[in-house]
Amino acid sequence: MEENQSNENNNVTQNDQTFKSAKPTVTETSYKEFRNSEKRPKSSGSGFGKTVILPFFCGMLGTVLVIGTCISVPNIKERIIKQLVTTNNSSSTSDENNSNTSNINTQLISLQGYSDTGVGVAKKVQPSIVAITVEYSVNSIFNRTPSTATARGSGIIISEDGYILTNNHVINSSSSNKDAFYEIGKANKVIVKLYNDDTEYKGEIIGTDSQTDLAVIKIDKTDLTAAELGDSDSVQVGEFSMAIGSPLGLDNSVTAGIISAVNREVSDEDGNKYVAIQTDAAINSGNSGGALVNSKGQVIGVNTLKLSGTSVEGIGFAIPINATKDIYNQLIQYSKVKRPYVGISGIDLDKETAERNNLVIGVYVKTVDDFSAAEKAGIKPGDVIIEAEGKKIKNMDELNEIKNKKQIGDTLKLKIYRDGKEKEVTVTLQEQP
């Protein structure tokens, strides 16, 4: 509404700024004009028809005739359709270019495509996954006669001639037995079942490693379907994942989800620490030793741990497959893992503990093994290791991480704190006994 508009026509004043009814008010002047207009002769309707209606309908008729004629001629019809398609495609391309400028992926994903991916992955990988049943002897303080217990797990075929990768805790339950009233011995019998095969194959334990919770067993059979191993270092958060194994004895079960996290640091019941892949694909008892695979059907991890509880859902962990390759090769070759060895036991010193004992942050050397690499290098009980290979360390985990990157026979440069002074020593790493 303009400020200089007539007050007569709008009933709006600048003083009170009050909007009133939209119905116009008839004043004396406007009433006279209205009456005078009634006296004017009315225009003939025929003039309006000649000047407006007739040309309009003629134009419409001509347009219809032209379009009908064009469509009836094939060449013209094709050109019109092509022009329409080109216009639509140009519009779609323009919209696509606009969407590509955004950093957010807004493309719609076909549920059928997702389903087909799951079906294809399952069909590819299931023949490479086995169900494992282990029998143990159990000695109880309440019963002198040993009883028998069974445990179930899964495994991954890694060679056509029968080598199978699984978890150490699947075939060596004593590694996680904390009960003081009974003792579980090593496995008396290992039974392996293949995909779509009811035959029970005897499994031979080739080697175990409690530190990485990995083990290798073998069955006497050839022409097996070995799993395709992927690159776990290239795994990304959010990508498709599928867990395959025998949860609760339900052989050949698959569950799907996504990768929830990578390089997740977790610890098991025995205090062993892992850098694992986290997934929300359901992992249950019996899935241990089975495969975590990607959308290509490649094994990217060995399902090992899960968090459980009333407030926990969808948190499972797998050992990255790249971290297992050197381990299972050594287990096959040596029946054990050869690791470099310093030969000390230590205590982690945090800032508070160090200050209370007039020491420094690092690893306090509690004992030194006889004839060990540490003893030969001159390390003594009471020393505090504060650096390894020029890097400051605060605990045994950091020391072991640096040490484990070395090979047997390599040297490890350490800096120790003794009697208020710092000293550098060189340790020649031995094989861990």
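Only a single item in (1) closer than 21 Å to L248 by Cβ; (2) in a helix (DSSP H, G or I); (3) modelled with pLDDT under 85 is not met by G113, and it is number (1).
Please return the ranges of strands (runs of 3 or more DSSP E) entirely within segment 180-237 where 1 or more residues are surrounded by fewer than 16 Cβ atoms within 10 Å (Cβ to Cβ). Outline the logic, then answer.
Details: elements: 182-193, 204-209, 214-218.
It comes to 182-193, 204-209.
Say whether the condition of being part of a strand (DSSP E or B) and of a type in the set (A, V, I, L, M) is met by at least one residue in segment 390-412.
There is at least one residue in segment 390-412 that is part of a strand (DSSP E or B) and of a type in the set (A, V, I, L, M).
For segment 277-289, the tally of residues that are open to solvent by less than 10 Å² (accessible area, probe 1.4 Å), under 15 Å from I315 (Cβ atoms) and touching a helix residue (DSSP H, G or I) at 6+ places or on another chain (Cβ under 9 Å) stands at 2. Is at least one residue of segment 411-433 under 22 Å from D209 (Cα atoms), touching a residue at least 12 places away in the same chain (Cβ under 8 Å) and either of a type in the set (A, V, I, L, M, F, W, C) or in contact with a Leu (Cβ under 8 Å, 6 or more places away or on another chain) (or both)? Yes, segment 411-433 contains at least one residue that is under 22 Å from D209 (Cα atoms), touching a residue at least 12 places away in the same chain (Cβ under 8 Å) and either of a type in the set (A, V, I, L, M, F, W, C) or in contact with a Leu (Cβ under 8 Å, 6 or more places away or on another chain) (or both).
When S102 is tested against (1) modelled with pLDDT under 55; (2) open to solvent by 60 Å² or more (accessible area, probe 1.4 Å), just one condition goes unmet, and that condition is (2).
Checking each residue in segment 393-410 for being of a type outside the set (S, T, N, Q) and touching a residue at least 12 places away in the same chain (Cβ under 8 Å) picks out I393, K394, M396, D397, L399, I402, K403, K406, I408, G409, D410.
Entry remark, segment 238-251: residues being open to solvent by 50 Å² or more (accessible area, probe 1.4 Å) and of a type in the set (S, T, N, Q) number 0 in total.
Out of curiosity, is Y274 within 18 Å of I315 (Cβ to Cβ), in contact with a strand residue (DSSP E or B) (Cβ under 8 Å, 6 or more places away or on another chain) and among the aromatic types (F, W, Y)? Please lay out each step first, then the result.
On the way: within 18 Å of I315 (Cβ to Cβ): yes; in contact with a strand residue (DSSP E or B) (Cβ under 8 Å, 6 or more places away or on another chain): yes; among the aromatic types (F, W, Y): yes.
Here the answer is yes, as Y274 does meet what is asked.
Does G207 satisfy the condition of being at pLDDT below 95 and either over 22 Å from L307 (Cα atoms) or in contact with a Lys or Arg (Cβ under 6 Å, 6 or more places away or on another chain) (or both)? Let's see the steps before the verdict.
Details: at pLDDT below 95: no; either over 22 Å from L307 (Cα atoms) or in contact with a Lys or Arg (Cβ under 6 Å, 6 or more places away or on another chain) (or both): yes.
No.
Residues that are open to solvent by 20 Å² or more (accessible area, probe 1.4 Å) and of a type outside the set (D, E) within segment 321-336 comprise N322, A323, K325, Y328, N329, Q330, I332, Q333, Y334, S335, K336, listed in sequence order.
Go through the residues of segment 374-387 one by one and say whether even a single one is surrounded by fewer than 17 Cβ atoms within 10 Å (Cβ to Cβ), assigned to a strand (DSSP E or B) and free of Cβ contacts under 8 Å to residues at least 40 places away in the same chain. Explain how you work it out, then say what you get.
Step one: of segment 374-387, the residues surrounded by fewer than 17 Cβ atoms within 10 Å (Cβ to Cβ) are 375-376, 378, 380-382.
With the extra rule that they be assigned to a strand (DSSP E or B), the set shrinks to none.
Checked segment 374-387: no residue is surrounded by fewer than 17 Cβ atoms within 10 Å (Cβ to Cβ), assigned to a strand (DSSP E or B) and free of Cβ contacts under 8 Å to residues at least 40 places away in the same chain.
Taking the conditions (1) small (G, A, S); (2) modelled with pLDDT under 95; (3) assigned to a strand (DSSP E or B) in turn, A131 satisfies each one other than (2).
Kindly evaluate A261 against the criterion of being under 28 Å from V192 (Cβ atoms), among the hydrophobic types (A, V, I, L, M, F, W, C) and in contact with a Ser or Thr (Cβ under 9 Å, 6 or more places away or on another chain). Judged against the criteria, A261 is not a match.
The values are calculated or read from the model by the stated rules, or taken from the named source; none is laboratory data. Keep in mind that this is a model prediction, so the values were computed, not measured. Positions of Cβ are generated from backbone atoms using ideal geometry, with glycine treated the same way; all protein chains shown enter the neighbour counts. Side chains included, ligands, DNA and RNA excluded: accessible areas come from the protein's heavy atoms. Shrake-Rupley method; radii C 1.70, N 1.55, O 1.52, S 1.80 Å.
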